[in-house]
């Protein structure tokens, strides 16, 4: 605790010596996941001194994320249209929905032989991080399944504590609504991120899925 308080005081002292424009940039970077004070400082000064890293281009790219992109009205995947290309593909299995945590998981599963639909939660249940059911796209999943036509929901959240809790929540809420609810086989190691798994591992996990 003493070391932690000392680090906070040292960080505050360094910030007091810098112009407010720099301190604001550092503070904004620290709001990003996985970015601590030191990393935020390095990123800020890299943008300041690098001729290749353009703050203007970065700012425009971030603004475009908010202004141009939207969520697919069916699966909640990021898209430029009302529906994403996957949901518009009539050749896919319309009765199977694979539930994932984030859009990068969709990209990973598209490299396998899976040909059903998706539903992107945009996170997992994590009370310590302020992520409850209302912060996720769970209501959209429930409404989608209640509309009928879904024969199986495959829960593909990561095999960690938060992922398992989210899977259990989905099972409870969809019980009696969907004929079949399955979970990915544990071909994925505990604590692994789906987006970094190889194609063979993901394929085996889908084919070896179990009842939830």
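Treating the angle as unsigned and between 0 and 90°, give the value, to the nearest 10°, between the Cα long axis of helix 161-174 and the longest Cα principal axis of the chain.
40
Relative to the present Cα-Cα distance, how much length would full extension add between residue 126 and residue 151 at 0.36 nm per residue of separation?
6.2 nm
Mind giving me the FRET efficiency for residue 24 and residue 64? R0 is 22 Å, r the Cβ-Cβ distance, nearest 0.05 is fine.
Efficiency at R0 = 22 Å is approximately 0.55.
Given a cut-off of under 8 Å on Cα pairs at least six residues apart, what relative contact order in percent is computed for region 71-111?
It rounds to 25 percent for region 71-111.
Where does the chain land at 222 nm, in deg cm²/dmol rounded to the nearest 500, when only DSSP H runs of n ≥ 4 count, each adding -39500 (n - 2.57), divided by all residues?
It comes out at -13000 deg cm²/dmol, rounded to the nearest 500.
Under the definition of Cα pairs under 8 Å and six or more residues apart, what whole-number percent is the relative contact order of region 54-138?
22
Could you identify which residue out of 69, 184, 128 has the top mean-square fluctuation in a GNM of the chain using Cα springs shorter than 10 Å?
Greatest mean-square fluctuation among the candidates belongs to 128.
Restricting to Cα pairs below 8 Å that are 6+ residues apart, what does the relative contact order work out to for the chain? Please round to a whole percent.
14
Considering only 138, 32, 80, give the residue with the highest GNM mean-square fluctuation for the chain, with springs between Cα atoms whenever their separation is below 10 Å.
Looking only at 138, 32, 80, the biggest GNM fluctuation is shown by 32.
Counting every Cα pair in the chain, what percent are over 24 Å apart?
Above the 24 Å cut-off, the chain has 54 percent of its Cα pairs.
Pulled fully out, how much extra length does the chain show between residue 110 and residue 175, if you take 0.36 nm times their separation in residues and subtract their Cα-Cα distance?
The residue 110-residue 175 span can extend by a further 20.7 nm.
What distance in nm separates the simple spin-label points at residue 49 and residue 143, each placed 7 Å from Cα in the Cβ direction?
Simple spin-label model gives 5.1 nm for this pair.
Using Cα springs under 10 Å in a Gaussian network model of the chain, which residue among 95, 126, 39 shows the largest mean-square fluctuation?
39
What number results when the radius of gyration of region 114-196, computed over Cα atoms, is divided by 2.2 N^0.38 Å?
1.08
Give me the distance between the Cα centres of region 161-212 and region 26-80, rounded to whole Å.
For region 161-212 versus region 26-80, the Cα centre distance is 30 Å.
No value in this document is a laboratory result; all are computed from the given coordinates. Quick caveat: nothing in here was measured; it's all calculated off a predicted structure. Heads up, the Cβs are rebuilt from the backbone with ideal geometry, glycines too, and the neighbour counts pull from every protein chain shown.
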